[in-house]
Amino acid sequence: MRKAIYIITLILLIIGILLFEFMALNSMVSLKYETRELTDCISIVSGIDLCNAIRTFHILAILCGLTIIGLMIYRKRILKQKSENEI
């Protein structure tokens, strides 16, 4: 993997974490204002299960974070593999 692609991947994953957490926050606001009680999870406006959406966005953010950690741990192997294939 080229270094530029590696850095772009890391940047996109960081943006992904921020985006997924913002989406979870947005769903929490919807949960507050689009349901009759706090224990309800189904939106009155759209009919979407907001609790499931919040959980999904948190899981996706965690997966992005774990992927970043994995890429950082194996950085030398990932970047070194490309230089060995060129020789």
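The values are calculated or read from the model by the stated rules, or taken from the named source; none is laboratory data. All figures in this text were calculated on a predicted structure; none of them were measured in a lab. Don't worry about glycine lacking a Cβ; one is built from the backbone with ideal geometry, like all the others, and counts go over all protein chains shown. The accessibility values were calculated without ligands, DNA or RNA, using every heavy atom of the protein model including side chains. Shrake-Rupley method; radii C 1.70, N 1.55, O 1.52, S 1.80 Å.
Taking the criterion of being open to solvent by less than 40 Å² (accessible area, probe 1.4 Å) and under 22 Å from Leu13 (Cα atoms), the residues of the stretch 30-56 that qualify are Ala53, Ile54. Only residues that are open to solvent by less than 80 Å² (accessible area, probe 1.4 Å) and touching a residue at least 40 places away in the same chain (Cβ under 8 Å) were counted across the stretch 1-16, and they come to 5.
Among the residues of the stretch 23-45, those identified as closer than 14 Å to Thr56 by Cβ and among the hydrophobic types (A, V, I, L, M, F, W, C) are Met23, Ala24, Leu25, Met28, Leu31, Cys41. Taking the criterion of being modelled with pLDDT of 90 or more and among the charged types (D, E, K, R), the residues of the stretch 33-74 that qualify are Glu34, Asp49, Arg55.
Among the residues of the stretch 1-45, those that are among the β-branched types (Val, Ile, Thr) and more than 30 Å from Arg75 (Cβ to Cβ) comprise Val29, Thr35, Thr39, Ile42, Ile44, Val45.
Within the stretch 70-87, the presence of at least one residue that is acidic (Asp, Glu), part of a helix (DSSP H, G or I) and open to solvent by 90 Å² or more (accessible area, probe 1.4 Å) is confirmed. Among the conditions (1) of a type outside the set (Lys, Arg); (2) out of contact with any Leu (no Cβ under 7 Å at 6 or more places or on another chain); (3) free of Cβ contacts under 8 Å to residues at least 60 places away in the same chain, Leu79 misses just one, which is (3). Only residues that are of a type in the set (Val, Ile, Thr), without any contact (Cβ under 8 Å) to a residue 40 or more places away in the chain and assigned to a helix (DSSP H, G or I) were counted in the stretch 40-69, giving 5. Pairing residues of the stretch 17-34 that are of a type in the set (Asp, Glu) with residues that are modelled with pLDDT of 95 or more and assigned to a helix (DSSP H, G or I), at Cβ distances under 8 Å and at least 6 apart in sequence or on separate chains, gives Glu21/Phe57; Glu21/His58; Glu21/Ala61.
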